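Below is one structure; the comments refer to it alone.
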Amino acid sequence: MMTLVQHLAQGEIRTRGVQQWLLDNIIPLVLLAVALLLLWLGGGKGDNAGVMRRLAGVVIALAIVGLAVSGLGVNVGEWIAGLFTS
């Protein structure tokens with residue numbers, strides 16, 4: 001146990017591996033679960049309009065997640081602010 005602590009203390013502890021694993025595995029699984037849930041809830045009842053409304057919300061949420069993950073949120077914010085200022 002002491003050698004593991006000493007080994008970790010020598011280097012820098014980074015979370016890039018965990019972050020990349022979450023992006024590669026958890027987000028696609030959550031999106032798949034949401035898609036299946038939408039199809040199950042709306043498709044079985046024939047409520048196609050309700051499914052499309054929910055799908056529009058999911059697409060907007062995906063765009064927000066995509067901006068957050070890519071780091072381009074600051075650029076989009078500056079662009080929106082530029083619309084209202086000279």
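Details
- The helices (runs of 4 or more DSSP H) found wholly in segment 15-86 and carrying at least 1 residues that are at pLDDT below 80 and in contact with a helix residue (DSSP H, G or I) (Cβ under 8 Å, 6 or more places away or on another chain) occupy 27-38, 48-70.
- For segment 71-86, residues that are surrounded by 10 or more Cβ atoms within 10 Å (Cβ to Cβ) and of a type in the set (Gly, Ala, Ser) total 2.
The values are calculated or read from the model by the stated rules, or taken from the named source; none is laboratory data. What you see is a predicted model, and the numbers here were worked out from it, not measured in a lab. FYI the Cβ positions are ideal-geometry reconstructions off the backbone, even for glycines, and counts take in every protein chain you see.
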